Amino acid sequence: MVCAQVETSPRRCWQKVLYERQPFPDNYVDQRFLEELRKNIHARQYQYWNVVFESGVVVQQLCSVCVFVVTWWYMDAGVLSPQGLFGAALLTSLLGYVLFDAIDAGVGRQESGRTRWADLKSTLVFTAFTYGFSPVLKTLTESVSTDTIYAMSAFMLLGHLIFFDYGANAAIVSSTLSLNMAIFASVCLASRLPRSLHAFVMVTFAMQIFALWPMLQKKLKARTPYCYVGVTALFALAALVGLASVSSVGAVLFASLLLSISCLCPYCLIRLQQLKDNIHGPWDEAEIKEDLSRFLM
């Protein structure tokens, strides 16, 4: 053991205590101080393909926004009729509803205690409410300029992507805020469509793609990862094809964005993890790991 020697006192070993007077300065430490140095004790080691798999959630939300905007453009241009969109949305909703229960053989429904009759009542109430207020939605923003509507819609869709629950435990995550911003954007865009029926179908489609679709994808990811990967790839391909029919340049840029998020960003994350150099030692702040909830009662 290495001990410090002070000229005015005999040879004495330094001790890491506060209750005893010692002939050393208050900020003195000996060579044992760095023996407790630890590096990157909380660092996580990522696998490339695991990170690519997790990035599928971000890819899906980007594709959902893309599909929604392209669908609105089709309806605004008169290429897609509201009856056709409503029929397709109804068919896919029924298929997704059956698939949602078939994935786990109805175990999730039994645990939640929710019946199919309750689901049917909620669907009918939402459909009737939206259809009844569709004339109001159509004329809600007549006094607002179209440029302002487009700017608000873009801002709200961006906020939807920012606050969406991608599975991270962060303070910025808010599923309710994310969904409300997406529905607000759909109402703004629906108010610029030709008739109130268009507005009704557009808001209904927004609820399907921003509320119901992520629930199905979340269960697919947890129960059948391979199917989840296949559905994500097909959904991204459909979004790219739809966007290419509107703008080829936009499709190329969007494809570059998806490839960057799903392939380039995971690679950069793993490379940067190797450069992490967090040090830990006796200078760290004390952490109370004992459960102190009993003292709050």
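Projecting label points 7 angstrom from Cα along Cα→Cβ for Q45 and E142 puts them 6.6 nm apart. With R₀ set to 51 Å, the beta-carbon distance separating L124 from Y28 gives a calculated FRET efficiency near 0.10.
Each Cα pair under 8 Å and six or more residues apart adds its sequence gap; the mean of these over the residue count of the stretch 48-275 is a relative contact order of 33 percent. Of the solvent-accessible surface of the stretch 48-275, computed with a 1.4 Å probe over protein heavy atoms with every protein chain present, carbon and sulfur atoms account for 72 percent.
To two decimal places, what compactness ratio does the stretch 16-117 give when its Cα radius of gyration is scaled by 2.2 N^0.38 Å? Spell out each step's value before the answer.
Working: Rg = 30.1 Å, N = 102, 2.2 N^0.38 = 12.8 Å.
In units of the globular-protein estimate, the stretch 16-117 measures up at 2.36.
Keeping all protein chains in place and using 1.4 angstrom, which order do F53, F133, F86, F205 fall into by accessible surface area, from largest down? Intermediate values should be presented prior to the final figure.
On the way: F53 55, F133 95, F86 75, F205 25 Å².
Most to least solvent-accessible, the answer reads F133, F86, F53, F205.
Backbone phi angles across the stretch 105-119, fed through the Karplus curve with coefficients 6.51, -1.76 and 1.60 (θ = phi - 60°), yield HN-Hα couplings of 6, x, 5, x, 5, 5, 5, 6, x, 8, 9, 5, 5, 5, 5 Hz in residue order; Gly and Pro are listed as x.
The solvent-accessible area of S143, taken with every protein chain present and a 1.4 Å probe, is close to 110 Å². Across the alpha-carbon set of the chain, the Rg to Rh ratio works out to 1.19, Rh being the Kirkwood radius.
Relative to the longest principal axis of the C-alpha atoms of the chain, give the angle of the C-alpha long axis of helix 196-207, reported between 0 and 90° and rounded to the nearest 10°. Taking the Cα atoms of the chain, the angle to 196-207 is about 30 degrees.
With the Cα gyration tensor of the stretch 147-281 in hand, convert its eigenvalues to equivalent ellipsoid semi-axes via √(5λ) and list them largest first in whole Å.
Values: eigenvalues 194, 74, 61 Å².
They are 31, 19, 17 Å, listed from largest to smallest.
Available extension along the chain between A88 and E287 is 66.1 nm, counting 0.36 nm per residue and deducting the alpha carbon span.
Suppose all protein chains stay in the model; what accessible area per residue would a 1.4 Å probe give for the stretch 48-275, in Å²? If you can, show how the numbers build up before the last one.
Working: 12750 Å² over 228 residues.
Accessible area per residue: 56 Å².
Taking every protein chain into account, the 1.4 Å probe leaves K138 with about 40 Å² of accessible area, to the nearest ten. Along the stretch 24-35 the Karplus relation, 6.51 cos²θ - 1.76 cosθ + 1.60 evaluated at θ = phi - 60°, assigns HN-Hα couplings of 10, x, 5, 9, 7, 9, 9, 6, 6, 4, 8, 5 Hz to successive residues, with x for each Gly and Pro. Restricting the trypsin sites (Lys or Arg not before Pro) of the stretch 73-123 to loop positions (DSSP other than H, G, I, E, B) with no more than 16 neighbouring Cβ atoms within 10 Å leaves R114.
Report the FRET efficiency, 1/(1 + (r/R0)^6), for V241 and R271, where r is their Cβ-Cβ distance and R0 is 45 Å, rounded to 0.05.
0.85
The values are calculated or read from the model by the stated rules, or taken from the named source; none is laboratory data. Keep in mind it's a predicted model, so treat the numbers as computed, not measured. Because the Cβ atoms are built from the backbone with ideal geometry, glycine has one as well, and the counts that use them run over all protein chains shown. The protein model used for the area step is the full one, side chains on, heavy atoms only, and it has no ligands, DNA or RNA in it. Shrake-Rupley method; radii C 1.70, N 1.55, O 1.52, S 1.80 Å.
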